[in-house]
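First up is the structure itself, then whatever we jot down about it.
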Amino acid sequence: MLSDLRRAAATFPDRRAIVAQVAGGAETVCLTYRELHRQVFRFAAALRAQGVLPGEVVSFQLPNRWENAALTLACAAVGAVAAPIMASMGPRERARFQEWTSARISVLAEDLPYYTDGDWDAGDDGSADDPDRVFLVLFTSGTTGEPKAVLHSHNTLHAALAHFTAVEDLGDPVVTVTPHSLSRIAGLAFGVLLPLLTGGTALYQDEWDPVALHRLISAEGATVLAAAPPFLSAILAAQRENPLPLSFRCVMAGGMPVPRQLAGEVAGQFGLPLRALWAMTEGGFSWTRATDPADFATRSDGRFGPHLEFDLAPGGESPLRIRGAAAALATMDTGSGAVRVLAEEGWYDTGDLAQPDGHGGIRVTGRAVDRIGGISMILVKEVEDELAGHPAVGQVALVGYPDRAHGELACAVVVPEGAPPTLAQLRAYLTERGMTEWYQPHRLELVPELPRNEMGKVRKNLLRKQLIATDQGFHPGM
């Protein structure tokens with residue numbers, strides 16, 4: 001990342017690197033590449049002043065502001081490991097993540113004046129970071145629903161984007177926008193890495209406001225939009241309400257299935273085909289191409305570039321496995337501390353089920369039963385363990401069910417202990433313990449017992465089928 005930053009600062013010093021809406025669009029902050037370069041190395045000097053050494057972890061929880069990107073890059077300048085935490089995470093998860101990484105320091109939004117206002121030396125000594133060392137740690141849910149740390153290097157992050165920028169016509173300059181958190185893989189890829197790699201401009205918004213973002217998209221001539229369907233639908237609604245000139249070259253939707261109506265609206269209002277995007281924290285992404293049929297995004301999750309190969313059983317649905325340059329260096333189980341080096345293991349089981357799309361790509365059809373989430377994964381085991389402490393909960397299993405707006409939400413299937421709890425009581429209980437709001441169940445089902453296999457493990461696949469059947473009007477006596 002540092003080489004990309006230095007190249008852009010030398011080639012386009014006065015080009016805007018970041019245009020950020022803050023306070024819900026009430027204010028706009030712009031940084032040129034010259035200014036971003038200066039701020040990155042000021043932040044690096046501030047980190048060193050706090051005693052951060054190469055290889056140590058810097059944890060930070062910041063909204064989508066320029067300081068988020070600058071601090072990420074400053075970690076590279078120091079040789080530290082960046083450990084970003086989504087701004088929507090609750091205090092419980094934030095504390096756990098910091099504990100798991102043994103972070104040297106933790107930076108919150110209220111700490112930013114130390115970095116932005118201090119008299120720090122902005123000098124760049126030209127030192128190069130090792131592109132293959134562990135640079136970034138992100139947290140996600142594994143196939144068993146337990147929290148897992150994913151370790152990336154500069155090169156694993158660059159691998160997919162390098163091919164993407166080589167084969168796609170994204171405009172000149174490239175102007176990217178994504179409403180997703182810069183502390184997650186999609187937001188980081190399209191909000192920080194892609195602009196740096198191309199010397200382009202990134203558009204940020206610290207508080208989601210589709211109307212204000214729509215105006216910014218038009219004013220700045222955004223060429224690349226990457227968003228989950230609900231965000232994309234809100235921007236389309238803003239365009240219907242107030243048609244403005246748009247400059248999109250590539251519009252991508254990921255994180256959940258693409259509704260057929262959405263693909264038609266993108267083609268009608270934006271004048272180009274909607275692209276489907278499949279990505280995961282563990283690395284890389286697939287996407288549909290501009291040359292694919294107009295509605296292909298509703299039938300395929302695209303093709304990988306040479307950065308990843310995939311493995312599927314011929315014909316029907318099977319577990320999706322990947323390997324290649326974009327795969328993370330390793331994953332770490334937060335419970336046992338066990339590290340799995342992906343390059344040594346070969347194929348990595350993504351936890352998703354897929355089938356060939358007939359055009360050399362994939363169509364994701366489902367996921368392993370203990371993974372729940374649409375735009376972001378829920379740490380299932382964490383929620384179950386906390387719910388088990390409620391006095392009215394005898395046994396509990398957290399199961400995903402389809403939701404049109406969010407892709408998938410969590411249902412708590414509970415065997416009551418005494419008087420049965422209500423959903424509101426369970427959510428209030430989790431909130432009191434600092435549990436992140438979107439981790440919490442949106443549905444409650446009370447059952448006399450949980451179905452188990454011969455090993456005593458809850459048969460969540462059966463529970464999920466029963467939830468779906470109930471929603472479709474069938475009542476199998478759950």
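Taking the stretch 313-325, which residues are surrounded by 18 or more Cβ atoms within 10 Å (Cβ to Cβ) and out of contact with any His (no Cβ under 6 Å at 6 or more places or on another chain)? Across the stretch 313-325, the qualifying residues are Leu320, Ile322, Arg323.
Could you please find all residues in the stretch 151-175 being closer than 28 Å to Asp209 by Cα and either of a type in the set (Gly, Ala, Ser) or in contact with a Gly (Cβ under 6 Å, 6 or more places away or on another chain) (or both)? Matches in the stretch 151-175: Gly171, Pro173, Val174, Val175. Note on the stretch 1-24: residues that are crowded, with 18+ Cβ neighbours inside 10 Å and under 24 Å from the mean Cα position of the chain (by Cα) total 9. Filtering the stretch 30-54 to residues that are free of Cβ contacts under 8 Å to residues at least 40 places away in the same chain and within 17 Å of Ala83 (Cβ to Cβ) leaves Ala44, Pro54.
Restricting attention to the stretch 469-478, the residues being exposed (fewer than 14 other Cβ atoms within 10 Å of the Cβ) and either assigned to a helix (DSSP H, G or I) or at pLDDT 90 or above (or both) number 2. For Phe248, state whether it is farther than 30 Å from Glu99 by Cα, hydrophobic (A, V, I, L, M, F, W, C) and touching a helix residue (DSSP H, G or I) at 6+ places or on another chain (Cβ under 7 Å). Considered against the rule, which asks whether it is farther than 30 Å from Glu99 by Cα, hydrophobic (A, V, I, L, M, F, W, C) and touching a helix residue (DSSP H, G or I) at 6+ places or on another chain (Cβ under 7 Å), Phe248 comes out as yes.
Residue-by-condition table, conditions (1) assigned to a helix (DSSP H, G or I); (2) of a type outside the set (A, V, I, L, M, F, W, C):
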position	(1), (2)
Asp14	no, yes
Val40	yes, no
Ala44	yes, no
Gly55	no, yes
Phe60	no, no
Asn64	no, yes
Leu71	yes, no
Ala77	yes, no
Pro84	no, yes
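Inside the stretch 57-72, residues that are under 17 Å from His154 (Cβ atoms) and surrounded by fewer than 23 Cβ atoms within 10 Å (Cβ to Cβ) make up a count of 1. Could you look through the stretch 30-54, keep only residues that are touching a strand residue (DSSP E or B) at 6+ places or on another chain (Cβ under 7 Å) and more than 23 Å from Ala8 (Cβ to Cβ), and pick out the one that is surrounded by the fewest Cβ atoms within 10 Å (Cβ to Cβ)? Top of the filtered list is Gln50.
Conditions tested, residue by residue: (1) crowded, with 19+ Cβ neighbours inside 10 Å; (2) small (Gly, Ala, Ser); (3) under 30 Å from Ser247 (Cα atoms); (4) in the same structural domain as Ala77 (by TED's automatic domain parsing).
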residue: Ile185; (1), (2), (3), (4): yes, no, yes, yes
residue: Pro195; (1), (2), (3), (4): yes, no, yes, yes
residue: Trp208; (1), (2), (3), (4): no, no, yes, yes
residue: Leu213; (1), (2), (3), (4): yes, no, yes, yes
residue: Leu216; (1), (2), (3), (4): yes, no, yes, yes
residue: Ala219; (1), (2), (3), (4): no, yes, yes, yes
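The values are calculated or read from the model by the stated rules, or taken from the named source; none is laboratory data. Remember, predicted model here, so these are calculated numbers, not experimental data. FYI the Cβ positions are ideal-geometry reconstructions off the backbone, even for glycines, and counts take in every protein chain you see.
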